[in-house]
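Enquirer: The structure follows.
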Amino acid sequence: MNKVMLIGPVGAGKTSLAAALAKNSRPVTKTQDISFADGAIDTPGEYAQIPRFYSALMVTAMSASLVIMVQDATEGKSTLPPAFAGMFARPVIGVVTKVDLPAADRERARACLEQAGAGKTVFFVSTVTGEGLNELMDYLQRGGACHE
């Protein structure tokens with residue numbers, strides 16, 4: 001799997017997703033700064049929510065082969081601005097997390113990611129039940145960024 005960068009708002013499940021992709025079972029804590037581990041670049045949610053941090057995301061994305069925008073399926077609104085993905089000089093896909101929760105609205109989350117520029121490649125996952133993780137892993141191992 002090539003190195004991927006995970007971006008999205010606070011609480012979207014980026015760190016949990018990175019741990020699940022790495023098959024790492026250690027406890028997940030709040031990401032305080034950009035971290036590089038296990039083939040993933042995990043970014044704090046504040047970096048996607050506060051425009052003055054966008055330049056840090058753009059520079060960091062250059063170390064990745066693929067950017068994954070993460071959207072919580074239970075979030076009622078998009079927290080990423082329209083065409084947000086356009087700032088990255090890398091392919092961008094979307095991942096909807098927390099699809100196992102009762103309040104999950106997959107299509108609303110997909111629409112949020114598409115509006116932010118993730119395109120049509122969107123995966124639906126749960127790091128709790130494992131739903132969708134194999135499909136995402138297969139995509140990444142096949143060099144998904146090469147297909148975008």
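The values are calculated or read from the model by the stated rules, or taken from the named source; none is laboratory data. Source: prediction; values computed, not measured. Because the Cβ atoms are built from the backbone with ideal geometry, glycine has one as well, and the counts that use them run over all protein chains shown.
Enquirer: So Gly86 ticks every box in (1) at pLDDT 95 or above; (2) more than 22 Å from Gln141 (Cα to Cα); (3) surrounded by 20 or more Cβ atoms within 10 Å (Cβ to Cβ) but one. Which box is left unticked?
Expert: All conditions pass for Gly86, except number (3).
Enquirer: Looking at segment 131-148, which of its residues are at pLDDT below 95 and part of a loop (DSSP other than H, G, I, E, B)?
Expert: Scanning segment 131-148 gives Arg142, Gly143, Glu148.
Enquirer: How do the pairs read when you match residues in segment 81-109 that are touching a residue at least 12 places away in the same chain (Cβ under 8 Å) with residues anywhere that are hydroxyl-bearing (Ser, Thr, Tyr) and not in a loop (DSSP other than H, G, I, E, B), using Cβ under 7 Å and keeping only pairs 6 or more apart or on different chains?
Expert: From segment 81-109, the pairs are Met87/Tyr54.
Enquirer: What residue, among those in segment 89-130 that are surrounded by 15 or more Cβ atoms within 10 Å (Cβ to Cβ), part of a loop (DSSP other than H, G, I, E, B) and hydrophobic (A, V, I, L, M, F, W, C), is farthest from the chain's Cα centre (by Cα)?
Expert: Among them, the one singled out is Ala104.
Enquirer: Which one of the conditions (1) surrounded by 20 or more Cβ atoms within 10 Å (Cβ to Cβ); (2) free of Cβ contacts under 8 Å to residues at least 12 places away in the same chain does Arg142 fail to meet, given that it meets all the rest?
Expert: That leaves (1) as the condition not met.
Enquirer: Can you confirm whether segment 67-79 contains a residue that is buried (at least 21 other Cβ atoms within 10 Å of the Cβ), modelled with pLDDT under 95, in a loop (DSSP other than H, G, I, E, B) and of a type in the set (A, V, I, L, M, F, W, C)?
Expert: The answer is no, given that none of the residues of segment 67-79 is buried (at least 21 other Cβ atoms within 10 Å of the Cβ), modelled with pLDDT under 95, in a loop (DSSP other than H, G, I, E, B) and of a type in the set (A, V, I, L, M, F, W, C).
Enquirer: Can you work out which of the residues in segment 20-65 that are touching a strand residue (DSSP E or B) at 6+ places or on another chain (Cβ under 9 Å) and part of a helix (DSSP H, G or I) is nearest to Ser126 (Cα to Cα)?
Expert: That would be Leu21.
Enquirer: Go through (1) part of a strand (DSSP E or B); (2) modelled with pLDDT under 95; (3) in contact with a strand residue (DSSP E or B) (Cβ under 6 Å, 6 or more places away or on another chain) for Thr15 and report which single condition fails.
Expert: Checking Thr15 against (1) part of a strand (DSSP E or B); (2) modelled with pLDDT under 95; (3) in contact with a strand residue (DSSP E or B) (Cβ under 6 Å, 6 or more places away or on another chain), the one that fails is (1).
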